[in-house]
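Here is the structure we will look at, set down as structure tokens.
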Amino acid sequence: MKLILASARDPAAQNIVARLRELYDFEEVRDRPGVFIHEDVLLTTVDGGITQIDALPLAAEEVIIASRHASESGEPTLTVHVPGEVERRELAVASPGTIKAALKALVAARDELGLPYEVSLEATHHGPTKLEVPITFVEVGSSQKQWSDMRAAEAAARAIMAAATSPAGGRRAIGFGGPHYAPRHTEVILRTDVCVGHILPKYVQVSDALIEKAVKATRGGAELFVLDWKGLDGDARTKILSTAKKLGLSATKAHDLLREAKV
């Protein structure tokens with residue numbers, strides 16, 4: 001079973017839940033108030049903050065979290081990311097195929113619904129990090145105006161269900177470099193066969209231990225490192241390439257993957 005989880009405190013999450021129930025005919029599970037099911041997907045809410053949970057309310061093989069996204073800019077944004085408290089070297093389990101399916105479905109829904117929103121991956125950030133199953137956040141942002149937008153909630157709902165029912169195939173990758181909103185890695189997901197899970201951006205000090213942890217925290221194991229080359233300093237590039245060689249993994253520039261995709 002896949003589990004869609006939302007916080008009762010989060011207005012965007014509650015709107016996404018409402019659209020999920022309307023669009024996909026989720027039915028309440030007998031003797032389980034507040035728990036809904038559609039085919040092999042469960043849906044429920046928790047009372048507390050979603051980023052602090054250390055145990056699931058229901059058994060599941062994977063979790064997709066409906067959430068709000070907040071930023072000072074307030075720009076309309078639909079985002080996808082894996083959680084992880086990188087400064088503490090704690091990473092959740094990433095499912096690159098889930099990330100890819102959610103991101104592509106967000107773009108399709110955004111375009112079909114005519115939403116004036118940017119769609120983007122975000123670098124790995126915040127919790128929860130203690131769960132043993134893969135976790136993906138699908139978010140609507142970046143202010144109260146967008147959290148209340150039911151069409152944006154619908155786009156997120158569609159993306160969540162696409163990811164829950166039809167995860168994408170492709171080469172499983174870890175992204176390195178670039179800003180928090182990861183334009184190069186977003187392009188790579190949308191235009192190539194690569195599926196990016198964790199992203200360690202330019203402001204993170206990479207180490208062998210952190211990189212190896214990201215590899216282990218990728219469901220199925222990472223096969224490829226994708227570098228936003230211009231978004232990394234020389235020392236970071238050297239460290240990433242040497243660790244890839246040590247682990248027997250391929251490393252490539254995002255630019256090269258995108259150039260090949262045009263051929």
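The values are calculated or read from the model by the stated rules, or taken from the named source; none is laboratory data. Please read all numbers here as calculations on a predicted model, not as lab measurements. Counting neighbours? That spans all protein chains shown, and the Cβs are built from the backbone with ideal geometry, glycine included.
The figures follow:
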| read-out | value |
| --- | --- |
| Residue that is under 15 Å from Thr124 (Cα atoms), assigned to a helix (DSSP H, G or I) and not acidic (Asp, Glu), where the choices are His185, His255, His198 | His185 |
| Test for Thr243: is it part of a helix (DSSP H, G or I), of a type in the set (Val, Ile, Thr), out of contact with any helix residue (DSSP H, G or I) (no Cβ under 7 Å at 6 or more places or on another chain) and more than 19 Å from Val93 (Cβ to Cβ) | no |
| Residue identified as touching a Pro at 6+ places or on another chain (Cβ under 6 Å) and either free of Cβ contacts under 8 Å to residues at least 12 places away in the same chain or within 18 Å of Thr79 (Cβ to Cβ) (or both) among Gly127, Gly175 | Gly127 |
| Only one of Phe176, Phe225 that is at pLDDT 95 or above, in contact with a Ser or Thr (Cβ under 8 Å, 6 or more places away or on another chain) and either of a type in the set (Asp, Glu) or not assigned by TED's automatic domain parsing to the domain that holds Pro96 (or both) | Phe225 |
| Any hit, segment 213-227, residues being farther than 16 Å from His81 by Cβ, touching a residue at least 12 places away in the same chain (Cβ under 8 Å) and in contact with a Pro (Cβ under 7 Å, 6 or more places away or on another chain) | no |
| Candidate set: segment 10-56, residues that are in contact with a strand residue (DSSP E or B) (Cβ under 9 Å, 6 or more places away or on another chain) and charged (D, E, K, R); chosen: the one surrounded by the most Cβ atoms within 10 Å (Cβ to Cβ) | Asp10 |
| Check on Arg151, assigned by TED's automatic domain parsing to the domain that holds Ala108, surrounded by fewer than 18 Cβ atoms within 10 Å (Cβ to Cβ), at negative phi and not hydroxyl-bearing (Ser, Thr, Tyr) | yes |
| Top-ranked residue in segment 59-72 [being touching a strand residue (DSSP E or B) at 6+ places or on another chain (Cβ under 6 Å) and not in a strand (DSSP E or B); ranked as farthest from Ala164 (Cα to Cα)] | Ser71 |
| Matching option when the condition is of a type in the set (Gly, Ala, Ser), modelled with pLDDT of 95 or more and farther than 15 Å from Arg158 by Cα, among Gly48, Gly34, Gly74 | Gly34 |
| Cross-chain or 6+ apart pairs with Cβ under 8 Å, segment 9-27 first and within 15 Å of Gly48 (Cα to Cα), then surrounded by fewer than 24 Cβ atoms within 10 Å (Cβ to Cβ) and among the acidic types (Asp, Glu) | Arg9/Asp47 |
| Residues satisfying the stated conditions in segment 119-169, i.e. in a helix (DSSP H, G or I) and over 25 Å from Ala59 (Cα atoms) | Gln144, Lys145, Gln146, Trp147, Met150, Arg151, Ala152, Ala153, Glu154, Ala155 |
| Qualifying positions in segment 1-45 - of a type in the set (Lys, Arg) and part of a loop (DSSP other than H, G, I, E, B) | Arg9, Arg30, Arg32 |
| Residues located in segment 218-230, provided they are buried (at least 20 other Cβ atoms within 10 Å of the Cβ) and either touching a Phe, Trp or Tyr at 6+ places or on another chain (Cβ under 9 Å) or of a type in the set (Phe, Trp, Tyr) (or both) | Phe225, Val226, Leu227, Asp228 |
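Results for (1) over 26 Å from Ala108 (Cα atoms); (2) over 18 Å from the mean Cα position of the chain (by Cα), shown as yes or no for each residue.
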residue: Gly177; (1), (2): yes, no
residue: Tyr181; (1), (2): no, no
residue: Val206; (1), (2): yes, yes
residue: Ala217; (1), (2): yes, no
residue: Lys245; (1), (2): yes, yes
residue: Arg259; (1), (2): no, yes
